[in-house]
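Student: Here you go, one structure.
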Amino acid sequence: MLYVFIWIICGFIAAAIYKNKGRSAGAAFIVGVLLGPIGIILVLLSSNDTAALERQQLATGQAKKCPHCGEMIRPEATICRFCQQPVEALVTASNVARIVSNRAGGFACSSCGGGLRSDAATCMQCQKPVFMPAATYIGIAPKDPPST
């Protein structure tokens, strides 16, 4: 019974390794269960499926392709680390803050909670670019509190 448990654990380990390589976790589970520790070694020696990993990174927004050289770079990069050409930063929910109203009638950063002016382009505390909701553009949002 102990051997069966160990072989099943080997299957789960092989599946996790294979999934991180961009390949089928189900196939690796079967190899891990049938071959045990040898199956784990075979999975470790297999190559990455770079095309599948790139598709996954593009779909989740973890990376973008440089329009000049085609290499994968971070979404917030403004200069490609491979060809040194300028690229446009990809705006994602993780690297942009929003302006939200605070209890005092002013504005705050949605990322760090720091105070903001209504015309702020960058939060002074967390250094994230600030997105202003459409309601602020048409004058619905409250004005800045008077300075004291």
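Student: Taking the residues in region 24-80 that are among the polar types (S, T, N, Q) and assigned to a helix (DSSP H, G or I) as candidates, determine which candidate is surrounded by the most Cβ atoms within 10 Å (Cβ to Cβ). First the steps, then the outcome.
Tutor: Pass one, region 24-80, residues among the polar types (S, T, N, Q): 24, 46-48, 50, 56-57, 60, 62, 78.
Keeping just the survivors that are assigned to a helix (DSSP H, G or I) gives 50, 56-57, 60.
Numbers: T50: 11, Q56: 13, Q57: 16, T60: 10.
If we take residues in region 24-80 being among the polar types (S, T, N, Q) and assigned to a helix (DSSP H, G or I), then Q57 is surrounded by the most Cβ atoms within 10 Å (Cβ to Cβ).
Student: If a residue must be part of a helix (DSSP H, G or I), surrounded by fewer than 13 Cβ atoms within 10 Å (Cβ to Cβ) and aliphatic (A, V, I, L, M), how many such residues does region 1-23 contain?
Tutor: Kept after step one, since they are part of a helix (DSSP H, G or I), are these residues of region 1-23: 2-20.
Narrowing further to those that are surrounded by fewer than 13 Cβ atoms within 10 Å (Cβ to Cβ): 2-6, 20.
Next cut, aliphatic (A, V, I, L, M) only: 2, 4, 6.
Of the residues in that region, 3 qualify.
Student: For the subset of region 1-22 comprising residues that are out of contact with any helix residue (DSSP H, G or I) (no Cβ under 7 Å at 6 or more places or on another chain) and touching a residue at least 24 places away in the same chain (Cβ under 8 Å), which member is farthest from T60 (Cα to Cα)?
Tutor: In this case the residue turns out to be I6.
Each reported figure results from applying straightforward, stated rules to the coordinates on display, with no laboratory input. Note that this is a predicted model, so its numbers are computed, not measured. FYI the Cβ positions are ideal-geometry reconstructions off the backbone, even for glycines, and counts take in every protein chain you see.
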